[in-house]
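The values are calculated or read from the model by the stated rules, or taken from the named source; none is laboratory data. As the structure is a computational prediction, the values presented were derived from the model and not from experiment. Methodologically, a virtual Cβ is constructed for each residue, glycine included, from the backbone with ideal geometry; neighbour enumeration extends over all protein chains shown.
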């Protein structure tokens, strides 16, 4: 599991005093970027990459401006041409899971602009 600390910005918070749900999707993207980059799969530099094809998000608890949060990211499962990323936004002060998200991502080859089987070496990198 990879952990990415998140700094909540003033403009992330709405008039109700909690982080807007659309902003939370940005936090999840930061977690995915950090996870894939730490495993050697650059979203912008590699010919092979993965792209989002489906989100399933459960908002479980509010996140407030002064909360200390982190995004936990791991691979839940591999398919032939896809993988499922499991992420949780967790309040690191009290361990409350505020958001749980499963993202299905498909393998994609930039040079051919087509879907592609996830290479064995990529599976190995992401399983570490």
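Going by the structure shown, is residue 74 out of contact with any helix residue (DSSP H, G or I) (no Cβ under 6 Å at 6 or more places or on another chain) and touching a residue at least 60 places away in the same chain (Cβ under 8 Å)? Reasoning before the result, please.
Numbers: out of contact with any helix residue (DSSP H, G or I) (no Cβ under 6 Å at 6 or more places or on another chain): yes; touching a residue at least 60 places away in the same chain (Cβ under 8 Å): yes.
Considered against the rule, which asks whether it is out of contact with any helix residue (DSSP H, G or I) (no Cβ under 6 Å at 6 or more places or on another chain) and touching a residue at least 60 places away in the same chain (Cβ under 8 Å), residue 74 comes out as yes.
Checking the structure you have, find out if any residue of the range 12-22 is under 27 Å from residue 106 (Cα atoms), out of contact with any helix residue (DSSP H, G or I) (no Cβ under 7 Å at 6 or more places or on another chain) and touching a residue at least 24 places away in the same chain (Cβ under 8 Å). Spell out how you get there, then give the answer.
Filtering the range 12-22 down to residues under 27 Å from residue 106 (Cα atoms) leaves 21-22.
Next cut, out of contact with any helix residue (DSSP H, G or I) (no Cβ under 7 Å at 6 or more places or on another chain) only: 21-22.
Remaining after also requiring touching a residue at least 24 places away in the same chain (Cβ under 8 Å): 21.
Within the range 12-22, one or more residues are under 27 Å from residue 106 (Cα atoms), out of contact with any helix residue (DSSP H, G or I) (no Cβ under 7 Å at 6 or more places or on another chain) and touching a residue at least 24 places away in the same chain (Cβ under 8 Å).
Here is a check on your reading of the model: is residue 82 at pLDDT below 95 and under 17 Å from the mean Cα position of the chain (by Cα)? Considered against the rule, which asks whether it is at pLDDT below 95 and under 17 Å from the mean Cα position of the chain (by Cα), residue 82 comes out as no. Taking the conditions (1) closer than 18 Å to residue 128 by Cα; (2) touching a strand residue (DSSP E or B) at 6+ places or on another chain (Cβ under 9 Å); (3) not in a strand (DSSP E or B) in turn, residue 74 satisfies each one other than (3). Within the range 1-11, track down each residue that is more than 17 Å from residue 97 (Cα to Cα) and either without any contact (Cβ under 8 Å) to a residue 12 or more places away in the chain or under 16 Å from the mean Cα position of the chain (by Cα) (or both). Of everything in the range 1-11, those that are more than 17 Å from residue 97 (Cα to Cα) and either without any contact (Cβ under 8 Å) to a residue 12 or more places away in the chain or under 16 Å from the mean Cα position of the chain (by Cα) (or both) turn out to be 9, 11. Going residue by residue through the range 48-71, is there one that turns out to be out of contact with any strand residue (DSSP E or B) (no Cβ under 8 Å at 6 or more places or on another chain), under 17 Å from residue 91 (Cβ atoms) and surrounded by fewer than 12 Cβ atoms within 10 Å (Cβ to Cβ)? Yes, the range 48-71 contains at least one residue that is out of contact with any strand residue (DSSP E or B) (no Cβ under 8 Å at 6 or more places or on another chain), under 17 Å from residue 91 (Cβ atoms) and surrounded by fewer than 12 Cβ atoms within 10 Å (Cβ to Cβ).
What number of residues in the range 64-79 are under 15 Å from the mean Cα position of the chain (by Cα) and farther than 17 Å from residue 29 by Cα?
The number of residues fulfilling the criteria is 1.
Only residues that are part of a loop (DSSP other than H, G, I, E, B), touching a helix residue (DSSP H, G or I) at 6+ places or on another chain (Cβ under 7 Å) and at pLDDT 95 or above were counted across the range 31-62, and they come to 0. For the range 27-45, filtered to residues that are free of Cβ contacts under 8 Å to residues at least 12 places away in the same chain and surrounded by 13 or more Cβ atoms within 10 Å (Cβ to Cβ), the residue that is nearest to residue 6 (Cα to Cα) is 29.
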